[in-house]
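Worksheet for the structure shown next.
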Amino acid sequence: MTDTSWDLETDIAVLGCGAAGSAAAIEGHDRGAEVVILEKMPPATAGGNTRVSGGIWFNNRDPERAALYLESLCGGFKLPQPVIKAWAEETAANTFWLTGLGAEVGPHADYTPEYPELPGSDAYGGYMGIGGKIGNALLFGFLQSAIRQRGIEILHETPGQELITENGRVVGVQAVRAGKPFRVRAHRGVVLATGGFENNPEMVADYLGMADPPTWGTPASTGDGHKMAMRIGADLWHMDNMMAIVGVRTPDFHAAFATMGLVGPKGYIYVGPDGSRFVDEDVQIRHGHALIHGRYELYPLQKAHVVFDERARRAGPLVPPPEYMPVGWNTVIEKYVWSDDNLAEIEKGWIVKADTLAELERKLGIPAGGLEKSVTLYNRYCAAGEDEQFGRAAATLIPLDEPPFYGFTSGPILAWSNGGPRRNEHSQVLNLSGEPIPGLYAAGTVSSTYSWCKDGGFHIADALAFGRVAGRHAAQRSN
Ligand SMILES: Cc1cc2nc3c(=O)[nH]c(=O)nc-3n(C[C@H](O)[C@H](O)[C@H](O)COP(=O)(O)OP(=O)(O)OC[C@H]3O[C@@H](n4cnc5c(N)ncnc54)[C@H](O)[C@@H]3O)c2cc1C
C-alpha cells in the first residue's frame with residue numbers, strides 16, 4: 001500500500017529516547033541523516049529505564065576476551081557469532097564514543113566480574129560512568145544535551161503504534177499525537193528503542209511465567225516495540241530471559257523499592273507461601289541469576305515473604321539512601337527517601353509489624369506454624385554456626401529472636417525484560433526466515449543481546465552499542 005498522507009518526513013525515525021534511542025539518533029545524525037525521535041512520555045518522565053538507572057556501563061577492556069565472556073555467559077542459549085563479535089567490539093567503543101561527544105567519563109568504584117570462573121571474565125574492567133558516578137540520571141542528562149546540541153527534535157507524548165510498510169519494507173511509523181494519528185515517513189529506517197515489556201502483565205505472564213510482578217523503573221515499558229515488530233512478521237529471541245531483584249511493593253507508587261539495603265547484619269530470611277525457607281538468602285545475585293545447587297538459575301523468580309526482627313530493623317534502611325544509590329523510579333522520579341530506621345514505611349503499612357511470629361504469619365497469610373517452625377530451625381542453625389539446610393555463610397547467620405517481627409512480600413521486582421525482536425549484528429530486525437526486514441532496526445532492552453547470564457553494566461553498554469550500530473546502518477541506506 002502506498003500512502004502519501006505524511007505528517008512529517010525524515011530520514012530516520014527513532015522510537016524512544018533512552019540510551020538506545022539516544023545513541024541511534026546521535027549516531028544517525030552524525031552520519032549525515034536527518035533524525036526525529038518519537039517519545040511516548042512527557043519531558044518530565046521520558047527516558048525510560050535509562051533515566052532511573054545507575055547509568056553505568058561495563059568497561060570492556062579486551063574485545064576478544066569479552067566475546068569469549070559473553071559466549072560463556074550464554075551457556076546453552078547460543079547467540080550468532082557475528083552478534084557476539086559486534087557486541088564485543090561496539091561495547092568496547094562506548095567510552096570512547098561518549099568522551100568523543102564531550103562527556104567526562106570515569107571508573108565507578110572497583111567492581112570485579114560477577115562470573116569470575118567463566119572464560120573471558122578478565123575482559124570485565126568494572127563500571128564506567130559520567131563523572132565516574134552512578135545514578136541521578138547523569139547519563140540520560142548527558143545524552144539529552146548531546147541531542148539538543150545537534151538540534152535533533154524529540155516529539156514527546158507521541159507513542160509509536162504501527163509500522164508502515166510498502167512492499168515488505170518499513171517506510172514509516174504511525175504514532176499518536178495530541179489524540180490524533182501522526183504519520184511519520186522515515187526514508188532510511190525506523191529504530192525501535194522502546195524498552196522492555198515488564199509493564200505488560202500479559203506478556204510477562206506468557207513469556208516470563210511471572211504473575212503480576214512489580215517493576216523498578218519506568219511504567220512506559222509495555223512492549224510496544226515488540227508488538228509493532230511482531231505485527232509485521234518479526235521473529236523473537238530469548239523472550240524468557242530477564243533480570244529481577246528482591247523488593248518492597250507499595251500501593252502508593254507504580255514501581256517497587258529494591259531492598260539492596262538488606263546489608264550489614266543480615267538478620268532476615270526468605271520463606272515461601274507455606275512459611276518454609278527455600279534458599280541460602282545470602283546467595284550472590286548476579287543480575288538476575290544465582291548459582292543454586294551448582295547451576296545458574298533465574299533468581300529471584302518466585303514470590304517470597306521477607307522476614308526480619310527488631311535487630312535487623314534497627315540495623316539500617318532496607319532501601320539504600322539516595323546519596324549511596326540514586327537509582328530507581330521511586331528515588332529518581334518520585335523523590336522518595338526511605339527512612340533510616342524503616343519506621344516511616346512500617347507506619348505506612350508497607351512493611352507488616354507483629355509482636356509474635358504467630359501474628360506475623362497471620363498478617364502475611366502464611367498457614368499457622370509454618371513460619372514459626374522455620375524461624376526455630378534457622379535460629380538453631382545460627383546458634384550452631386551452620387545452616388544445614390542451605391549452607392548460608394556462618395557470618396550472616398544472625399538469629400531472628402528480638403521482637404517485634406516484620407515482613408513484606410517480594411513480588412519479586414521485575415527490573416527489566418531481555419527478549420524481543422530477533423536482530424542481527426547490524427541491529428536489523430529479522431523476519432521468521434532469518435532475513436532482515438528492510439528499514440527496521442531494534443536496539444536496547446526491546447531486543448537486548450542477552451540470552452542468559454549477564455554482568456553489571458551490560459545493559460547500558462548493549463543499548464549504547466547497538467543503538468549506535470542502528471543509527472549508523474540506517475544512515476547509510478535509503479528506502
Ligand atoms: C532501576 C534500574 C537501574 C539500572 N541500572 C543499570 C546500570 O547501572 N547499568 C546497566 O547497564 N543497566 C542498568 N539498568 C538497565 C538499563 O537501564 C536498561 O537496560 C537500559 O537503560 C535500556 O535502555 P533502552 O534505551 O533500551 O530503554 P529505556 O531506557 O527504557 O528507554 C525506552 C524509551 O522508549 C519510550 N517508549 C516506550 N514505548 C514507546 C513508544 N510506543 N513510542 C515511543 N517511545 C516509547 C520510553 O518512554 C523510554 O523513553 C537499570 C535498570 C533499572 C530499572
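The values are calculated or read from the model by the stated rules, or taken from the named source; none is laboratory data. As the structure is a prediction and not an experimental result, all values here were calculated from the model. For neighbour counting, all protein chains shown are included, and Cβ atoms are generated from backbone atoms with ideal geometry for every residue, glycine included. SASA here: full protein model, heavy atoms, side chains in, ligands and nucleic acids out. Shrake-Rupley method; radii C 1.70, N 1.55, O 1.52, S 1.80 Å.
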**Prompt:** Which residues, counting only those in the range 230-255, are open to solvent by less than 30 Å² (accessible area, probe 1.4 Å) and over 13 Å from G420 (Cα atoms)?
**Reply:** M243, A244, I245, V246, G247, V248, T250, A255
**Request:** Can you confirm whether the range 60-81 contains a residue that is within 15 Å of the ligand (Cβ to nearest atom), in contact with a Gly (Cβ under 8 Å, 6 or more places away or on another chain), assigned to a loop (DSSP other than H, G, I, E, B) and open to solvent by less than 60 Å² (accessible area, probe 1.4 Å)?
**Result:** no
**Message:** Can you find a residue that is touching a residue at least 24 places away in the same chain (Cβ under 8 Å) and under 30 Å from K85 (Cα atoms) anywhere in the range 392-415?
**Reply:** yes
**the range 358-388, residues that are among the charged types (D, E, K, R), outside any loop (DSSP other than H, G, I, E, B) and open to solvent by 20 Å² or more (accessible area, probe 1.4 Å)** = E359, R362, K363, E372, K373, R380
**Prompt:** Just one of the numbered conditions (1) at pLDDT 95 or above; (2) surrounded by fewer than 24 Cβ atoms within 10 Å (Cβ to Cβ) is not true of S5; which one?
**Reply:** (1)
**Asked** Out of the range 353-394, which residues are β-branched (V, I, T) and within 15 Å of I269 (Cβ to Cβ)?
**Response** I366, V375, T376
**Item:** Number of positions in the range 389-436 that are open to solvent by less than 10 Å² (accessible area, probe 1.4 Å) and under 30 Å from T218 (Cβ atoms)
**Value:** 16
**Message:** Residues that are touching a Gly at 6+ places or on another chain (Cβ under 7 Å): list the strands (runs of 3 or more DSSP E) wholly contained in the range 235-351 that include at least 3 such residues.
**Reply:** 242-245, 304-309
**Condition broken by I12, with the remaining ones in (1) buried (at least 24 other Cβ atoms within 10 Å of the Cβ); (2) within 22 Å of the chain's Cα centre (by Cα) satisfied** = (2)
**Request:** Select from the range 104-117 the residues that are crowded, with 19+ Cβ neighbours inside 10 Å and among the hydrophobic types (A, V, I, L, M, F, W, C) and list them in ascending order.
**Result:** V105
**Asked** If you check every pair at least six apart or on different chains, which have Cβ atoms under 6 Å apart with a residue in the range 149-165 that is in contact (Cβ under 8 Å) with a residue 12 or more places away in the chain and more than 10 Å from the ligand (Cβ to nearest atom) first and a residue that is open to solvent by 30 Å² or more (accessible area, probe 1.4 Å) and among the hydrophobic types (A, V, I, L, M, F, W, C) second?
**Response** L163/I232; T165/I232
**Complete:** Among (1) surrounded by 22 or more Cβ atoms within 10 Å (Cβ to Cβ); (2) out of contact with any Phe, Trp or Tyr (no Cβ under 9 Å at 6 or more places or on another chain); (3) part of a helix (DSSP H, G or I), R472 falls short only on (1)
**Message:** Just to check your reading of the model, which residue among G55, G47, G18 is within 16 Å of the ligand (Cβ to nearest atom), in contact with a Ser or Thr (Cβ under 7 Å, 6 or more places away or on another chain) and not hydroxyl-bearing (S, T, Y)?
**Reply:** G18
**Message:** Quick check on my filter: what residues within the range 126-137 are surrounded by 20 or more Cβ atoms within 10 Å (Cβ to Cβ) and touching a strand residue (DSSP E or B) at 6+ places or on another chain (Cβ under 6 Å)?
**Reply:** Y127, M128, G129, I134
**Prompt:** So N342 clears everything in (1) farther than 28 Å from V327 by Cα; (2) open to solvent by less than 20 Å² (accessible area, probe 1.4 Å); (3) touching a Leu at 6+ places or on another chain (Cβ under 7 Å); (4) of a type outside the set (S, T, Y) except one condition, right? Which one?
**Reply:** (1)
**Prompt:** So which of F140, F96 ends up being hydrophobic (A, V, I, L, M, F, W, C) and surrounded by fewer than 17 Cβ atoms within 10 Å (Cβ to Cβ)?
**Reply:** F96
**Fill in**
Inside the range 28-51, the number of residues satisfying the requirement of being open to solvent by less than 10 Å² (accessible area, probe 1.4 Å) and in contact with a Cys (Cβ under 7 Å, 6 or more places away or on another chain) is 3
**Message:** Suppose we filter R277, R295, R286, R311 for residues that are modelled with pLDDT of 90 or more and crowded, with 21+ Cβ neighbours inside 10 Å; which single one remains?
**Reply:** R277
**Prompt:** Only one of these conditions is not met by R313: (1) in contact with a strand residue (DSSP E or B) (Cβ under 7 Å, 6 or more places away or on another chain); (2) more than 22 Å from M242 (Cβ to Cβ); (3) free of Cβ contacts under 8 Å to residues at least 24 places away in the same chain. Which number is it?
**Reply:** (3)
**Fill in**
Note on the range 195-237: residues hydroxyl-bearing (S, T, Y) and more than 8 Å from the ligand (Cβ to nearest atom) are Y207
